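The values are calculated or read from the model by the stated rules, or taken from the named source; none is laboratory data. Because the structure is predicted, anything quoted here is derived from the model rather than measured. Positions of Cβ are backbone-derived with ideal geometry, glycine not excepted, and every protein chain shown enters the neighbour counts. What goes into the accessible areas is simple: the full protein's heavy atoms, side chains included, and nothing from ligands, DNA or RNA. Shrake-Rupley method; radii C 1.70, N 1.55, O 1.52, S 1.80 Å.
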Amino acid sequence: MPGFLIFLRTRCLLFTLAGVFASFLLAAGPLAAQSKVAVTKNGDQFQLTLNGKPFFIHGVGGTQHLSDLRALGGNSIRTWGIESLAEPVDGKPLIDRAQELGLMVTAGIWVQQQRKGFDYDDPKAINTQRDAVRQAVRTYKDRSALLIWGLGNEMEGPMSDGSDLRVWKELNVLAGIVKQEDPNHPVMTVIAGAGGVKIKNHLAYCPNIDILGVNAYGSAAGVGKAVVDQGWDRPFILTEFGPTGQWEVEKTSWGAPIEATANEKAASYYATEQMVEDDSKNICLGTYAFLWGYKQEATSTWYGMFLKTGERLPQADAMSLAWSGHWPADRCPKLKSLTTTVTQKTVPAGTPAQAVVDAADPGGNPLRYEWSVVDEATVAGVGGDAEAPPPSHPECIRGPQAKTLSFKTPSAPGAYRLCLIIRNGKGGATTANVPFMVQ
């Protein structure tokens, strides 16, 4: 009898433990095997394989609107810092949400930059960074949504020619740590453009780097040829591309950069994606369009592929066409022209002005117009650093928000922009703005 009681108690305990374990599994989400990613070469053709199958990256930089990304044909996201993987997205950690949606993640591990005070001659700082990299890899190396380790982003400095050898030598040490901890995912680093001696120094001092990532904007379409011309003989990924940068475009006489409309940017995104794939197909493993979200940089619309209020912009539609071969069901509005009496002009303070827009919605949806006058941004970030949005002047907008606008120039002298957002009520929008000066 005592033996029988022991048997019953043991069985109850096992059932209890099984229930606890089952609850843990439900809370943690479905278990999935660690992804195994490799760079292979067949003749002169490089290829990325995911669990033994070819995988070409149709990706974006950003961590929001992941359901939209999946629906539009994207398959990967890129982050910049390891902390992003734990940030909540749709109520779950990013890495878990990506796994649910079948999106693969190039996980960024931030490498410190000299322009922000990091000292590559400080042994303590060096060892602290090495420990942080090691811990990051140990934390996430077994996740099934992990695709590539993105070790550093423009750590040479966005304006540097890449001549400081300390950066590349330490980068190689860090890459060695990543490979030692995780042999199942390739290591990529990311540089700002293909100029200077960056690629030469990568070849000489960074044998542990498997993939070269290049961020490029105005020169993005030709970046594949550029890296090959400089002797790069390993695979590369276009890790950021988008509109021509504010430092590259034509400017007004007072120095304000002239921003393309969202529809003009969409054409640029599509052309870049196609040209990079065609011109560098032997070494290109894919691309990451920038930015899948909203960001204030130069203006509130220069780089974002979504509005702050969540609407999708034509750049996202263009990438969907490039990825899937067809347009989304509800396309964004098309802005044909924006004409104003102030465009790139110097005008008196407090005087009446007019604007008229010609726009249409491909789906025939009624359009809503939102106009605003804002200060020109005066504090420019470097290398994508955060910027505060400039003040707006609602007092300048007179009359209804329609395709024809009467407005008043600001009363204070200075540089401004007239900004326009057009929405179709179906989750799509388009944008434009014009700079002007008040004297």
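With the helix formula -39500 (n - 2.57) applied to DSSP H stretches of n ≥ 4, the chain reaches a computed 222 nm mean residue ellipticity of -8500 deg cm²/dmol.
The distance linking the stretch 293-349 with the stretch 186-246 is 27 Å (Cα centroid to Cα centroid, whole angstrom). In plain terms, the chain from LYS308 to GLN344 could stretch by 10.4 nm, reckoned as 0.36 nm per residue minus the Cα-Cα distance.
Which of rounded, prolate or oblate describes the stretch 283-439 when judged by the alpha-carbon gyration tensor and an a/c cut-off of 1.5?
Here the stretch 283-439 falls in the oblate category.
Return, ordered by residue number, the residues of the stretch 129-168 whose backbone nitrogen is under 18 Å from a label point located 7 Å along Cα→Cβ of GLU181. Within reach of a label on GLU181: 129-153. Cross-link partners of LYS200 among lysines, defined as those whose alpha carbon lies under 28 angstrom from its own and excluding same-chain residues fewer than eight positions apart: LYS41, LYS116, LYS169, LYS179, LYS225, LYS281. Selection among GLN180, TRP232, ALA260 by position relative to the dipole of the stretch 138-281 gives GLN180 as farthest towards the positive end (Cβ unit charges, Cα centre). Across the chain, the mean sequence separation of Cα contacts (distance under 8 Å, 6 or more residues apart), normalised by length, yields a relative contact order of 13 percent. From the list (1) 27.9; (2) 24.5; (3) 22.7, can you say which value of mean projected area of the Cα convex hull in nm² was derived from the structure given? Given (1) 27.9; (2) 24.5; (3) 22.7, the structure-derived one carries the label (1). Computed over the stretch 160-217, the alpha-carbon pair-distance distribution with 5 angstrom bins reads 4, 20, 30, 25, 13, 7, 2, each value a whole percent. Give, in nm to one decimal, the length gained when the segment between LYS251 and ASP385 is fully stretched (0.36 nm per residue of separation minus the Cα-Cα distance). Result: 46.1 nm gained on full extension.
Residues GLU248, GLU264 ordered from highest to lowest accessible area at a 1.4 Å probe: GLU264, GLU248. Its relative contact order, with pairs defined as Cα atoms under 8 Å and 6+ residues apart, puts the stretch 368-438 at 36 percent.
In plain terms, the chain from LYS200 to ASP142 could stretch by 17.6 nm, reckoned as 0.36 nm per residue minus the Cα-Cα distance. Would you list the membrane-span-like helices of the chain, meaning whole DSSP H runs whose alpha-carbon atoms span at least 20 Å along their axis and whose mean Kyte-Doolittle value is at least -0.5? Helices passing the filter in the chain: 2-28, 165-181. Can you give me the Cα centroid spacing of the stretch 124-140 and the stretch 61-121 in angstrom? Measuring centre to centre over Cα atoms gives 18 Å. Given R0 = 51 Å, the distance between the Cβ atoms of LYS36 and GLU370 translates into a calculated FRET efficiency of 0.60. Counting only DSSP beta bridges with both residues in the chain, the antiparallel share comes to about 55 percent.
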